[in-house]
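Step one of this worksheet: look at the structure below.
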Ligand code: BES
Ligand code: MN
Ligand code: ZN
């Protein structure tokens, strides 16, 4: 998408106007519109055909004008309007305009200038609006290509716009990988994608195959990957700022189950659907590495991907098996479908060995978290209030809802114990998301070295059932925006 300066009289397919209820009562908002358009909009408002109510919109064909379609979008009440609503509204309008054969759009933003970061939001919405996962679709006569190529804005801040475009590109990179099915992306392929990314951005990249995993004592990843014909991988990417003087060292860790069938504890009927999305955490980490590189941030960032395919077979790991994780802790398996915590255990050990200032892991970890918080909100677990607050601030300002969950729970902590090993991998159904987080905590830091750590349980918001705002159906890359904001703010 090309975003350019809007000059008066510019001929475009669509004109997009975002209005709050207050804007509809104060006609000075429209002082920059051409006279004909101004009168037209004022007439619509006085007839109460449009009042700026949140979620309301009008698409009107226009004749004898420099634009062919007018999109009016309501932003609701001024005090409730924020950049997240503006981003979604812009993306919706651009997507809709692009589907209606408009190859260009103009957008009026000057009346919203009070929102700092507005141009970043414009760049982000412009970058996200056209994305759909349709690379496998035959492009026949029924196929409606997305036509929008250019956006002209009255408020034109190229640097901010470019930042927004980079943020969007990071999210789309993750989404595109997540949306690919298990037959296209197995652990080796995902590791190869990481290597390609590393080559493009000059990142250090180390990939451990099954032999190296054995040599390095990565018993969790090996066990989970043992049932699949496609052997597991562990990936370590490193970004170092050019000045060699980073302000902080942060490690991101992602669960990368390229398909989660449940293993021998196989998932029933449609619980298996969408489990190509179980690699979301790892793909998000790749998107974050891309974003950090493109933005050239002054932080040392490590990306660790724990990648395996969870399949049942004659070689699969079994319930009752006892395995040993990277840090020597032994785990009795009582459910092969609680596999994410096993691959993350090894990766969190490596993360801790790097002695960073903070570790953030992302995982589609438990259905229980989705039951607790719904499909629009992820669970946040942290051993450190300062880190949790920073992450929550980023999540709120970037419109990815996180809710902090308890990590101190004596009752559930006691239930982690196994009679024959150090831990079991699966507790009772109730409090399942907390159990999983407490399990992960066993692999973060050491008694001597406590490392601030945050865990995002993104089961639920990782996949969208239908398109909305900046989201198309399928992968959302939930977490990428929040984490990039967190790193930017360091
Ligand atoms: N990948 C799933 C969790 C999941 C469920 C993600 C739904 C997205 C949507 C995870 O590996 C899993 O199977 N969890 C089990 C844990 C249980 C066996 C303790 C679950 O949630 O049922
Ligand atoms: Mn599972
Ligand atoms: Zn899983």
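Bear in mind these aren't lab numbers, they're just calculated from the coordinates by the rules spelled out. This structure is a prediction, so every number in the text was calculated from the model and none was measured. Here the Cβ is made from the backbone with ideal geometry for all residues, glycine too, and neighbour counts use every protein chain on show.
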Legend entry - Angle between the chain longest axis and helix 480-489 axis [Cα atoms, degrees, rounded to 10]: 90
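Please compute the volume of the convex hull spanned by the alpha-carbon atoms of segment 263-340 and report it per residue in Å³. Walk me through the intermediate numbers first.
Values: hull volume 8.8 nm³, N = 78.
About 112 Å³ per residue, rounded to a whole number.
Which value results when the Cα radius of gyration for segment 347-490 is divided by 2.2 N^0.38 Å? Kindly include the intermediate steps, with their values, before the conclusion.
Values: Rg = 15.6 Å, N = 144, 2.2 N^0.38 = 14.5 Å.
Output field value: 1.07.
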Inset, instruction - Report, in degrees rounded to the nearest 10, the 0 to 90 angle that the Cα long axis of helix 187-201 makes with the longest principal axis of the chain. - result: 50
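Per the helix-only calculation at 222 nm, which mean residue ellipticity applies to the chain, given -39500 (n - 2.57) for every DSSP H run of n ≥ 4 and division by its residues, nearest 500 deg cm²/dmol? Write down the numbers at each step before the final one.
Values: 14 runs with 166 residues, N = 490.
That calculation yields -10500 deg cm²/dmol at 222 nm.
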Inset, instruction - Report, in cubic angstrom per residue, the convex hull volume of the C-alpha atoms of segment 306-390. - result: 131
Inset, instruction - Calculate the spin-label point distance for residue 137 paired with residue 195, positioning each point 7 Å from the Cα along the beta-carbon direction, and give it in nanometres. - result: 3.3
Legend entry - Rounded tilt (10° steps) of 385-398 against the dominant C-alpha axis of the chain: 30
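Quick one: which of 335-344, 95-104, 132-141 comes out on top by average Cβ neighbours within 10 Å, and what's the full order, highest first? Could you put the intermediate results ahead of the total?
Details: 335-344: 26.1, 95-104: 19.7, 132-141: 9.7.
Per-residue Cβ counts within 10 Å, averaged per peptide and sorted highest first, yield 335-344, 95-104, 132-141.
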Legend entry - Extension gain (nm, one decimal) between residue 429 and residue 49, 0.36 nm per residue minus Cα-Cα: 131.7 nm
Legend entry - Per-bin percent of Cα-Cα distances, segment 83-188 [5 Å]: 2, 12, 20, 21, 18, 12, 8, 5, 2, 1, 0
Legend entry - Sequence-separation-based contact order of segment 164-489, relative, with Cα cut under 8 Å and 6+ spacing, percent: 21
Legend entry - Separation of alpha-carbon centers, segment 178-229 and segment 359-415, rounded to whole Å: 26
Legend entry - Fewest-first sequence of 320, 278 by Cβ atoms within 10 Å of each Cβ: 320, 278
Legend entry - For segment 39-109, convex hull volume per residue from C-alpha positions, Å³: 101
Legend entry - Kirkwood hydrodynamic radius of segment 2-156, from inverse mean 1/r over distinct Cα pairs, in Å: 15.9
Legend entry - Alpha carbon centroid spacing (whole Å) that separates segment 58-98 from segment 293-314: 37
Inset, instruction - In vacuum, with every alpha carbon of segment 137-179 counted as one equal point scatterer, what does the Debye formula give for log10 I(q)/I(0) at q = 0.30 Å⁻¹? Two decimals, please. - result: -1.02
Legend entry - Spin-label proximity, residue 245 to segment 284-309 - amide N less than 16 Å from point 7 Å beyond Cα toward beta carbon: 297-300
Inset, instruction - Evaluate the Debye formula for the chain with equal point scatterers sitting on the alpha carbons, no solvent, and hand back log10 of I(q)/I(0) at q = 0.07, 0.10 Å⁻¹, in q order, two decimals. - result: -0.40, -0.76
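Take every DSSP beta bridge whose two residues both sit in the chain, then give the antiparallel share in percent to the nearest 5.
Around 40 percent antiparallel, to the nearest 5.
In percent, what relative contact order does segment 2-156 have, based on Cα pairs under 8 Å that are 6 or more apart in sequence? Intermediate results must be reported in sequence, preceding the final value.
Working: 262 pairs, mean separation 53.0, N = 155.
Dividing the mean separation by the residue count of segment 2-156 yields 34 percent.
Across segment 1-93, how large is the tail of the calculated P(r) beyond 23 Å, expressed as a percent of all Cα pairs? Intermediate values should be presented prior to the final figure.
Numbers: 947 of 4278 pairs.
Above the 23 Å cut-off, segment 1-93 has 22 percent of its Cα pairs.
Can you list the equivalent-ellipsoid semi-axes of segment 165-310, largest first and in whole Å, using the square root of 5 times each Cα gyration tensor eigenvalue? Can you show the working numbers first?
Details: eigenvalues 154, 62, 25 Å².
In descending order, the three semi-axes are 28, 18, 11 Å.
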